[in-house]
Amino acid sequence: MDQTFPFQSHPLPYSYAALMPQCGANTLYFHHDKYYTDAVYELNQLVVRHRLTALDLRQLLTADLHQLSAHQLEHLRDVAGLVFNHQFYFDCVCSASGAPPVNALTQAITTTYGSPAALEKLMVQAAESTCGSSWLWLVSEGVHGLHLVITPNNFTVALDAVSPILGIDLWEHAFYADNHFDKAAYLHHWFSHINWTAANRRYAESMRSPSASEQNPRI
């Protein structure tokens, strides 16, 4: 995810029809090829305008950009967050569906939440509690465990403090055309298509990151 300028849209790792019938080809096409891809184009324009082409995508979201006005910073972070979040979202799922495998991540989920099914239930409850556009994340804080986080609009999680493991788009453009207001159906379908191999790799990386070290215990 540490892309550098010029930023480019990532191709979908599956076909537009791969998630049908619960997610239609038109929904996925609009979501990826229009909404997300247009944001990548806008982000490139913004970083040129503000002379930030030396920064990668993660730095655009975490660096102290004091040279920008509050309005400019809010706009930049909104567009950069949209790009980061959507790339992460599209990479979180795959065309295959099925039960979660047994690996380090699902074992950590079981330790924390009781089972992957219990996590899915909590994620549905969290999604249904939101009002307006938002994102729902499963994040790793290294040795401090897994947590569910909701961020409004296009905000990302605190990337300098936690590692995102799973992320789901709760904006209506992601699910309304196929599921209307049924977030539970949307979450269930998304959960059944999670790319657990990629998620487990992100979890393993989070346990090796500096934030996972016991040298910096929580106070």
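Within the chain, which is the longest segment containing none of the trypsin sites (Lys or Arg not before Pro) that sit in a DSSP loop and have at most 15 other Cβ atoms within 10 Å? Spell out each step's value before the answer.
Working: sites that count: 51, 218.
Looking at the chain, 52-217 is the longest stretch - no exposed trypsin sites (Lys or Arg not before Pro) with at most 15 other Cβ atoms within 10 Å.
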If one puts a single equal scatterer on every Cα of the chain and applies the Debye formula without solvent, what log₁₀ I(q)/I(0) results at q = 0.08, 0.14 Å⁻¹?
-> -0.29, -0.90
May I ask you to sort 159, 146, 82 by Cβ crowding, counting other Cβ atoms within 10 Å and putting the fewest first?
-> 159, 146, 82
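Explain nothing, just the number: dipole magnitude of the stretch 1-97 about its Cα centre with +1 on each Lys and Arg Cβ and -1 on each Asp and Glu Cβ, in debye rounded to the nearest 20.
The dipole of the stretch 1-97 has a size of about 80 debye.
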What's the extension gain from residue 49 to residue 73 if we count 0.36 nm per residue and subtract their Cα-Cα distance?
-> 7.4 nm
Want the number for residue 147 to residue 17: 0.36 nm per residue separation, take away the alpha-carbon distance, what's left?
-> 43.6 nm
Summing Lys, Arg as +1 and Asp, Glu as -1, what charge do residues with Cβ under 12 Å from the Cβ of residue 134 carry, residue 134 excluded?
-> -2
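From the C-alpha coordinates alone, can you work out the Kirkwood hydrodynamic radius of the stretch 25-92, in Å? Show your work: numbers first, answer last.
Working: mean 1/r = 0.0795 Å⁻¹.
Result for the stretch 25-92, one decimal place: 12.6 Å.
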Out of 92, 32, 67 - ranked by how far each Cα lies towards the positive end of the dipole of the stretch 25-92, with unit charges on the beta-carbon of charged residues - the top one is 67
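Throughout, read-outs are computed from the coordinates displayed, never taken from laboratory work. As the structure is a prediction and not an experimental result, all values here were calculated from the model. Backbone-built Cβ (ideal geometry, glycine too); neighbour counts: all protein chains shown.
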